[in-house]
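To start, the structure itself, in structure tokens.
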Amino acid sequence: MPAKTKTVTAAGRAMWGGRFSGAADDAAAAFTASLNFDRALAAHDIRGSVAHAKTLAAAGALSDEECARIVDGLSAIAGEIRDGTFAWSPALEDVHMNIEARLTALIGETGKKLHTARSRNDQVVTAMRLYLRDACDSIAAQLCAARRRLAAMAGREAATVMPGLTHTQNAQPVTFGHHLLAWAEMLERDFLRIADCRRRINVSPLGAAALAGTTWPVDRELSARLMNFDSAARNSMDAVSDRDFVIEFNATAALLMVHLSRMAEELVLWSSERWRFITVGDAFCTGSSIMPQKKNPDVAELVRGKSARVAGNLAAALVLMKAQPLAYNRDNQEDKELLFDSVNTVAACLEVFTAMMDAVAVNRDAMRAAAAEGFATATDLADYLARKGVPFRDAHHVTGKIVARCAAENLGLAELPLAVMREFSDAIESDVFDCLSVDGSVRARNHSGGTAPDAVRAAAAAMEKRIAAQEKEC
Ligand code: ARG
């Protein structure tokens with residue numbers, strides 16, 4: 001980078017270097033540049049500049065003709081960037097100065113008027129908010145798509161019995177549809193958190209200028225409206241300095257990734273030889289370079305693993321903001337890479353996870369067989385005894401004794417003869433076997449939020465209905 005950066009530095013300084021003599025140190029120039037990563041903001045920077053130009057025209061700071069030339073120039077630049085013909089200049093420090101310099105090259109002196117009543121401080125955070133608002137919208141749509149997939153699958157698997165676990169031990173039988181809807185609930189809360197965080201993102205900083213506002217009579221509500229923001233920020237110092245919206249998004253994203261990692265972990269477990277509950281399609285698995293027989297769930301593992309970097313980005317964003325005095329500090333340039341990384345990671349994980357769910361084949365027999373293991377219907381037996389008038393604590397104790405007897409004789413609960421069961425309690429009658437079967441067990445939990453097939457079908461339909469309403473909102 002040495003010799004080349006020197007020329008570069010001199011060119012970059014031309015934008016703001018009136019009071020400077022000489023070029024910047026090469027290492028310092030390379031160190032402060034952000035073009036490599038903030039290019040991702042190009043379209044949003046242009047959108048902000050168009051709104052700003054129109055607001056300047058409304059304030060009389062630009063003639064209508066000047067405004068039109070600026071807007072046309074910006075739209076030509078947007079085209080160049082889209083086509084890949086835009087000549088990015090590392091000399092110009094960041095995306096904002098690249099676009100402004102190109103505007104002046106394209107339309108002449110009028111281009112230099114665009115930065116009236118604006119600082120890079122309000123410009124950059126405006127672009128960040130526009131970028132993140134778009135990201136929220138597309139992640140919200142992805143979350144709806146993922147939940148749709150899960151709800152449809154839950155409907156199909158409403159009567160598929162599987163072991164429900166606590167402490168990773170068999171606890172009680174549940175239906176696979178119920179399990180899938182638990183995932184969909186987690187993702188619904190993630191959706192709601194994204195929607196909520198979007199409301200606080202959707203505020204316009206423009207007009208805050210460097211920190212103190214502007215001497216120009218710009219209508220800040222107008223520029224806010226032109227960018228579809230809900231309102232203009234109430235305090236210029238707060239507007240340019242706080243990145244709490246980046247932190248909040250990262251917190252939401254980290255939690256979403258924690259949810260995806262839990263789901264991915266279950267896919268990994270279920271597809272192993274120990275469980276064989278599902279097979280994940282070849283398209284989402286990889287082989288081993290040494291063991292020819294291997295089929296590994298690498299995609300699910302990577303989703304699980306990628307949650308780490310988003311949690312890390314949250315920690316970085318928090319520490320970045322901590323102890324920064326008002327107002328703008330260059331520290332804030334560091335908000336970008338971590339934000340882009342979180343957005344890209346969440347988007348990629350949601351896309352691949354949703355597609356992978358279509359490639360999951362369910363082994364219902366293996367699930368059913370496992371559901372009966374570990375005396376999973378013992379609670380049903382205790383409930384049965386309680387219904388027959390045995391106080392629940394006693395019923396629990398008697399059932400525990402019956403379980404111990406079954407364990408000693410290597411029998412399942414439903415396999416113990418009635419006569420033997422009656423040795424423990426004469427409240428037990430022949431109808432006990434209805435509640436000892438895994439199907440009877442899940443059918444009996446037929447209430448809202450319960451695991452019974454009918455309850456799951458109703459919950460899946462309700463989920464789909466909510467998704468339809470939420471999709472309309474986003
Ligand atoms: N690239 C910088 C950023 O991302 C632009 C802001 C520079 N502002 C300044 N006052 N030096 O924050």
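All of the numbers you see were taken from the coordinates with simple rules; none came from a lab. The model shown is predicted, which means the values in this text are computed figures rather than measured ones. Virtual Cβ from ideal backbone geometry, glycine too; neighbours counted across all protein chains shown.
Within the stretch 87-109, the set of residues being of a type in the set (Gly, Ala, Ser) and more than 16 Å from the ligand (Cβ to nearest atom) comprises ALA87, ALA105, GLY108. If I filter the stretch 349-360 for residues that are free of Cβ contacts under 8 Å to residues at least 60 places away in the same chain and either assigned to a helix (DSSP H, G or I) or over 30 Å from GLU409 (Cα atoms) (or both), do I get at least one hit? Scanning the stretch 349-360 turns up no residue that is free of Cβ contacts under 8 Å to residues at least 60 places away in the same chain and either assigned to a helix (DSSP H, G or I) or over 30 Å from GLU409 (Cα atoms) (or both). The residues of the stretch 403-440 that are closer than 21 Å to ALA370 by Cβ, hydrophobic (A, V, I, L, M, F, W, C) and assigned to a helix (DSSP H, G or I), listed by number, are VAL403, CYS406, ALA407, LEU413, ALA414, PHE433, CYS435, LEU436, VAL438.
Residues in the stretch 409-429 that are acidic (Asp, Glu) and touching a helix residue (DSSP H, G or I) at 6+ places or on another chain (Cβ under 9 Å): GLU409, GLU415, GLU423, GLU429.
For the stretch 173-181, does any single residue satisfy the condition of being without any contact (Cβ under 8 Å) to a residue 12 or more places away in the chain and farther than 30 Å from VAL246 by Cβ? No, because not a single residue in the stretch 173-181 is without any contact (Cβ under 8 Å) to a residue 12 or more places away in the chain and farther than 30 Å from VAL246 by Cβ.
Of the residues that sit in the stretch 286-333 and are part of a helix (DSSP H, G or I) and among the β-branched types (Val, Ile, Thr), which one is farthest from the ligand (Cβ to nearest atom)?
Within the stretch 286-333, the subset part of a helix (DSSP H, G or I) is 298-321, 330-333.
Those left that are additionally among the β-branched types (Val, Ile, Thr): 299, 303, 310, 319.
Working: VAL299: 34, VAL303: 30, VAL310: 21, VAL319: 17 Å.
Per the stated criteria, the residue is VAL299.
Let's see how each residue does on (1) surrounded by 15 or more Cβ atoms within 10 Å (Cβ to Cβ); (2) touching a helix residue (DSSP H, G or I) at 6+ places or on another chain (Cβ under 7 Å); (3) over 25 Å from HIS167 (Cβ atoms):
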site	(1), (2), (3)
LEU320	yes, yes, yes
ASN332	yes, no, yes
PHE340	yes, yes, yes
VAL343	yes, yes, yes
PHE353	yes, yes, yes
ALA366	yes, no, no
ALA370	yes, no, no
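Filtering the stretch 110-132 down to residues that are of a type in the set (S, T, N, Q) and more than 13 Å from the ligand (Cβ to nearest atom), which residue is surrounded by the fewest Cβ atoms within 10 Å (Cβ to Cβ)? Only one residue fits best here, namely THR116.
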